[in-house]
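Worksheet: one structure, shown below.
The values are calculated or read from the model by the stated rules, or taken from the named source; none is laboratory data. Predicted, not measured: the structure shown is a model, and the values here were computed from it. Here Cβ is always computed from backbone atoms with ideal geometry, including for glycine, and neighbour counts include all displayed protein chains.
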Amino acid sequence: MIEATLTRLLSLACPRTYPVVAPQTAKAPFIVYTRVSTPRLRDFDGSTGMAMPTFRVDAYADDFDTARALASSIRVKVDGYRDKDVQEIALIGEQDMSDLVSTPGRTRIMMEFKIAHSEGVPE
């Protein structure tokens, strides 16, 4: 699963990395990632076994400078990554946000990554 690779890479930037939602007790800084979409590539014969999901990665911290530093660390460790199953991870968007609803004053940097990877061809 591509999530295992993404979790491993994100954990290099911050060990407190969570899929979908962070626990209420999570101490900042931390990372939350969510799959946004997953187009699967096809050709005239059907599935190619390649997928190109987009993941949103949110870097949370109690102040802007720490959130920005965490986002920079994520970018350095994740953007451009390749291995035998991952053709490329590309940063396609980044935005400064705030988290005024759940924790006033907490800063969030939202990043979006497109991941081209092999899922295998279904039989």
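Out of everything in segment 67-81 that is more than 10 Å from residue 109 (Cβ to Cβ) and among the β-branched types (Val, Ile, Thr), what residue ends up being nearest to the chain's Cα centre (by Cα)?
78
Are there any pairs, at least 6 apart or on different chains, whose C-beta atoms fall under 8 Å, with the first in segment 1-20 and closer than 17 Å to residue 71 by Cβ and the second among the charged types (D, E, K, R) and modelled with pLDDT under 95, and if so, which?
Pairs that qualify, where the first residue is closer than 17 Å to residue 71 by Cβ and the partner is among the charged types (D, E, K, R) and modelled with pLDDT under 95, are 16/27.
Inside segment 21-41, can you point out the residues that are modelled with pLDDT of 90 or more and surrounded by 13 or more Cβ atoms within 10 Å (Cβ to Cβ)?
The answer is 22, 26, 28, 29, 30, 31, 32, 33, 34, 35.
Among the numbered criteria (1) crowded, with 17+ Cβ neighbours inside 10 Å; (2) out of contact with any Phe, Trp or Tyr (no Cβ under 8 Å at 6 or more places or on another chain); (3) farther than 15 Å from residue 89 by Cα, which single criterion is violated by residue 44?
That leaves (1) as the condition not met.
What single numbered condition from (1) touching a strand residue (DSSP E or B) at 6+ places or on another chain (Cβ under 9 Å); (2) at pLDDT 95 or above; (3) at negative phi fails to hold for residue 80?
Here residue 80 clears every test but (3).
Taking the condition more than 13 Å from the chain's Cα centre (by Cα) and more than 24 Å from residue 97 (Cα to Cα), does residue 45 pass?
Judged against the criteria, residue 45 is a match.
Contact list please: Cβ distance under 7 Å, first residue in segment 82-94 and closer than 16 Å to residue 110 by Cβ, second residue modelled with pLDDT under 95, pairs at least six apart or on different chains.
Short answer, once both residue conditions are applied: 94/109.
Please note which strands (runs of 3 or more DSSP E) are completely contained in segment 2-108 and include at least 2 residues that are under 18 Å from residue 119 (Cα atoms).
The qualifying strands (runs of 3 or more DSSP E) are 30-37, 40-43, 46-51, 54-61, 86-98.
Scan segment 34-61 and report the pairs whose first residue is among the β-branched types (Val, Ile, Thr) and whose second residue is surrounded by 13 or more Cβ atoms within 10 Å (Cβ to Cβ) and not in a strand (DSSP E or B), with Cβ atoms within less than 6 Å and a gap of 6+ or a chain change.
38/53
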